[in-house]
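Participant: Below: one structure in structure tokens.
The values are calculated or read from the model by the stated rules, or taken from the named source; none is laboratory data. Quick caveat: nothing in here was measured; it's all calculated off a predicted structure. Cβ sites come from the backbone with ideal geometry, for glycine too, and all protein chains shown count toward neighbours. These accessible areas exclude ligands, DNA and RNA; they are computed on the full protein's heavy atoms, side chains included. Shrake-Rupley method; radii C 1.70, N 1.55, O 1.52, S 1.80 Å.
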Amino acid sequence: MEIVNPAPQPIGELLLHRGLINTKDIDKALAFQQQFKGRFGAILVRIGAISEDALLPVLAEQLSLHLFDNNELPAQPEAILNTIQLSGLPSAWFQDQRVLVWEAADGVVQCVSRNPIDSNLQETLTAAYPSHKLSWGIARTQDIENALRIIQSNAPGEPQDEIAHLRELAEEAPVVELVNNLLSQATDESASDIHLEPQERVFDIRYRIDGVLHLRMTLPRDRFDAVASRIKLISGMDIAERRLPQDGRISTRASGIDMDIRVSCVPGVNGESIVMRLLPKERADLNLDAMGMESDHLQQFTRWINEPHGILLVTGPTGSGKSTTLYAGLEKANDRTRKIITVEDPVEYKMSGITQIQTQSDIGYSFARALRAILRQDPDIIMIGEIRDLETAEIAVQSALTGHMVLSTLHTNDSLSAFTRLLDMGVEPFLVASAVRAVLAQRLVRKLCDQCATPATPAPSIIKAAEAVRTRGHELFDGQPCWRVARGCPQCRGSGYRGRLGIFEFLEVTPQIQETIMRQGSAADMLKIAQQQGYRSLREDGLIKAWRGFTSTDEVLRVTGLNEGLEIF
């Protein structure tokens, strides 16, 4: 067999020339390699400098090897099992070495491994197939793992306990690489969350991308405990505790980006469900224009942030981008002439020039207690992560009435429901009417992929609804409509969407609305008053984005639901 020799140019230089890593990554990887040994490419993945998906094409080029994708691997496990039996080696050895073998139609034995240039591996397989020519290749770890799992479940007569024992011995280093590659891959795909969900025999790894979960990997259940233990260890959790929920935090580097990762672990029937929220330490998108806020909403929001006192609320469900909007507002208001203090649980993004306080509920340092303390810090603007209870709401109101601008979030479905929520908490109506100056409600919709989005004419009812909004005086419907629909292509991984933008509704508390709040009028009464002042709903703002071709009408309806104006749609 002709032994594969690596190309003269080191993999680090190739990656550096292509802009996939920087010199600091190389120095860090070299120091790691000198101390712990190992393959340079694997170390780069392990330290979070690059994802495996970005590394493998360059590695295949360097080694002059074929990079197999999942579709090129044998669809039937018998093809691999028969070739394994032909070798005379136990199936456990192939599981241990993480190598796939199968005989191609031309009689060549294809060998796919994570480390195909390992001389011991090459010599062993050369001796095992003396009458065959061997052809070597590489593949993604998850594709190899999926194939090995299928082989394991179909391998006859081998004790599963022994295979599990061998795997456990081999996984100490690979599990570190697997976890780091999960983080890097999720970062490359702009995922906001990673979900690890154990089932009876397997566990699924799903990424939340643009607000929608996508299955990325399914691994054998016996690997889950090692992966879970690794995540719990680096996030500061108790590895031995499996009966109670735990929260942790990781500060790391993934795919060349510094990340703060919030980790939640909750016990389930089949094991612990783990969710990791990915928070880049530096956000380039903390810009209200880039987030999709229309010019009229932007003008209103900016004006109220710069008011000397009052409460500005941002409402919406979990994951709707409320905190990001508040951070963008603080960035806009941070002109270094005012004292800005935030009280958060947890602090999601660190900002310069702003005092940020992390609450600690386990020691009694709650939102309310922190707020009492910071009022003695002479603040001009106070940002409260969330108003959760009456005590916090009352202190926020008192702060607003004593000359402070208070920004906070509230979990409600729309802007009009914010007043009802505060009243339900127990805040007096006259205090709500006096303190709250404006409410912004928002959602996130997926943006159409520019590579594959296709022009299309929506249903007549949707066109009619858009025209109704346009005739109410919204000049934002400018030019000709550019309705489009999602199709799907490799660039967007078949989803038809790439990225997200916000849709908003903004309600200013005018004297008429104040009077309605004080007499505890209905939301319908406030809606009539608001519409006379130019208010538009989330769906109407979404239609503006769809009219311009930024998103699809299907996406707007998916996010805003069917309860608003059901007869129209």
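Participant: Direction-averaged shadow area of the convex hull around the Cα atoms of the range 223-306, nm²?
Facilitator: 8.5
Participant: I'd like to check one number: the per residue accessible area of the range 308-365, probe 1.4 Å, reported in Å² as a whole number.
Facilitator: Counting only protein heavy atoms, the per-residue value for the range 308-365 is 42 Å².
Participant: According to a simple spin-label model (label point 7 Å from Cα along Cα-to-Cβ), what is the distance in nm between Val266 and Ala290?
Facilitator: Each label point lies 7 Å from its Cα, and together they span 3.2 nm.
Participant: Now, a different point. Hey, any idea what Rg/Rh is for the range 215-271, computing Rh the Kirkwood way over Cα pairs?
Facilitator: Computed over Cα atoms, the ratio is 0.99.
Participant: If I model the range 424-569 as equal point scatterers sitting on the Cα atoms and use the Debye formula, what is log10 I(q)/I(0) at q = 0.20 Å⁻¹?
Facilitator: -1.18
Participant: Is the C-alpha gyration tensor of the range 169-322 telling us rounded, prolate or oblate? Criteria: a/c under 1.5 is rounded; beyond that, a/b larger than b/c is prolate, otherwise oblate.
Facilitator: Prolate shape, in that a/c is at least 1.5 and a/b is the bigger ratio.
Participant: Say R0 is 25 Å: what FRET efficiency, to the nearest 0.05, do Ile463 and Lys332 get from their beta-carbon distance?
Facilitator: Efficiency, from the Cβ-Cβ distance: 0.10.
Participant: So what's the net charge close to Leu196: Lys and Arg +1, Asp and Glu -1, counting the other residues with Cβ under 9 Å from its Cβ?
Facilitator: So the surrounding residues net to -2.
Participant: Okay, next question. Convex hull volume of the Cα atoms in the range 1-92, per residue, in Å³?
Facilitator: Convex hull volume per residue, Cα atoms: 150 Å³.
Participant: Return the unpartnered cysteines for the chain, using a Cβ-Cβ cut-off of under 4.7 Å.
Facilitator: For the chain, the answer is Cys111, Cys265, Cys482, because their Cβ atoms have no other cysteine Cβ under 4.7 Å.
Participant: Give me the percent of the accessible area of the chain that comes from carbon and sulfur atoms, probe 1.4 Å, all protein chains in place.
Facilitator: 49
Participant: Over what distance in Å are the Cα centres of the range 361-440 and the range 125-153 separated?
Facilitator: 60
Participant: Name all residues of the range 342-359 having a backbone nitrogen under 17 Å from the label point set 7 Å from the Cα of Gln398 along its Cα→Cβ direction, giving them as ranges.
Facilitator: In the range 342-359, the label zone of Gln398 (backbone N under 17 Å from the point 7 Å along Cα→Cβ) covers no residue.
Participant: Turning to a different aspect of this structure: With a bin width of 5 angstrom, please list the P(r) values of the range 286-372 as percents of all Cα-Cα pairs, from the 0 bin to the one holding the largest distance.
Facilitator: Over the range 286-372, the share of Cα pairs per 5 Å bin runs 3, 12, 21, 24, 22, 12, 5, 2, 0 percent.
Participant: Can you tell me how the range 309-418 classifies by the Cα gyration tensor, rounded, prolate or oblate, using a/c under 1.5 as the rounded cut?
Facilitator: Because its axes are fairly even, with a/c under 1.5, the range 309-418 counts as rounded.
Participant: Something else about it: Take the Cα coordinates of the range 57-137, assign each an equal point scatterer, and use the Debye formula without solvent to give log10 I(q)/I(0) at q = 0.14, 0.16, 0.22 Å⁻¹.
Facilitator: After summing over all Cα pairs, the log10 values are -0.43, -0.57, -1.12.
Participant: What do the square roots of 5 times the Cα gyration tensor eigenvalues come to for the range 266-332, in whole Å, largest first, as semi-axes of the equivalent ellipsoid?
Facilitator: After scaling each eigenvalue by five and taking roots: 32, 14, 11 Å.
Participant: Step through the residues of the range 438-443 one at a time and calculate ³J(HN,Hα) from phi using the Karplus curve (6.51 cos²θ - 1.76 cosθ + 1.60, θ = phi - 60°), rounding each to whole Hz and writing x for Gly and Pro.
Facilitator: 7, 9, 10, 9, 8, 9
Participant: Mind pulling up the Rg/Rh value for the chain? Radius of gyration and Kirkwood radius, both on Cα.
Facilitator: Using only Cα positions, Rg/Rh for the chain is 1.04.
Participant: Would you mind getting me the FRET efficiency between Arg493 and Thr420? Use the beta-carbon distance for r and R0 = 41 Å, nearest 0.05.
Facilitator: Efficiency computed from Cβ-Cβ geometry: 0.50.
Participant: Here is a further query. Taking H as built 1.01 Å from N, whose amide H comes closer than 5 Å to the amide H of Val485, not counting residues under 5 places away?
Facilitator: Residues meeting the criterion, in which the H sits 1.01 Å from N, are Thr454, Ala456.
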